[in-house]
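Let me begin by presenting the structure, written as structure tokens, before commenting on it.
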Amino acid sequence: MREKSVKELADLILNDHSTDKEEEEALHLLIEKRLAKDVYVNKGKKITLGDRMADNIARFAGSWGFIGIFIGTMVVWIILNALALVHPFDAYPFILLNLALSCIAAIQAPIIMMSQNRQESKDRARSENDYLINLKSEIIIADLHEKIDTLLLNQERMVAKLNRLEKKYAE
């Protein structure tokens, strides 16, 4: 028998046209099938240098350390150019500083977006894994609920039968 996916097993179980035997077999296959995956492990894929760099840059650019260094550098730049009365290397409108900030923003934005795209693919894999586990749990719980209902119904029938037998022998 070929390996069935969780979705195929769920469709078989939830399908109104399947027989009880097919449903039971599908349910047992579903129970035996291990779904939990470690989505944090790369499936044989090597992380490229660019991916590692994008993740590290995005991690650093989104930290308080970066903000502190950035503000400190800007303050030092402005003070050095404002106090250098003879020959400032970047006079008051700070055109060179604006150019540097624009270049940093132009380079930093796509790098952060690359890192976000990688994170989104990880989140998608995690979400799909959660969905499959939840689907499996829902089907198994529904089956257990149905079995408990059947047991309770059988128990009620047995109690009723015992009561009839007690009345019959009591007379």
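Which one is modelled with the lowest pLDDT among residues in segment 72-89 that are surrounded by 12 or more Cβ atoms within 10 Å (Cβ to Cβ) and not in a helix (DSSP H, G or I)?
Of segment 72-89, the ones surrounded by 12 or more Cβ atoms within 10 Å (Cβ to Cβ) are 73-74, 77-78, 80-82, 84, 88.
From what is left, the residues that are not in a helix (DSSP H, G or I) are 84, 88.
Numbers: A84: 78, P88: 86.
The qualifying residue modelled with the lowest pLDDT is A84.
Looking at this structure, is A125 closer than 30 Å to I47 by Cβ and surrounded by 12 or more Cβ atoms within 10 Å (Cβ to Cβ)?
Details: closer than 30 Å to I47 by Cβ: yes; surrounded by 12 or more Cβ atoms within 10 Å (Cβ to Cβ): yes.
Judged against the criteria, A125 is a match.
Kindly list, by first and then second residue, each pair from a residue in segment 16-43 that is closer than 30 Å to Q119 by Cβ and at pLDDT 70 or above to a residue that is among the hydrophobic types (A, V, I, L, M, F, W, C) and part of a helix (DSSP H, G or I), limited to pairs with Cβ atoms under 7 Å and residues at least 6 apart or on different chains.
Qualifying pairs under 7 Å: K33/V6; L35/V6; L35/L132; L35/I133; A36/I133.
With the structure loaded, tell me whether Y92 is in a loop (DSSP other than H, G, I, E, B) and farther than 30 Å from G50 by Cβ or whether it fails that test. Working first, answer last.
On the way: in a loop (DSSP other than H, G, I, E, B): yes; farther than 30 Å from G50 by Cβ: yes.
It is true that Y92 is in a loop (DSSP other than H, G, I, E, B) and farther than 30 Å from G50 by Cβ.
The values are calculated or read from the model by the stated rules, or taken from the named source; none is laboratory data. Keep in mind the model is a prediction, meaning the values are calculated, not measured. Quick reminder, even Gly has a Cβ in these numbers, built from the backbone with ideal geometry, and neighbours come from all protein chains shown.
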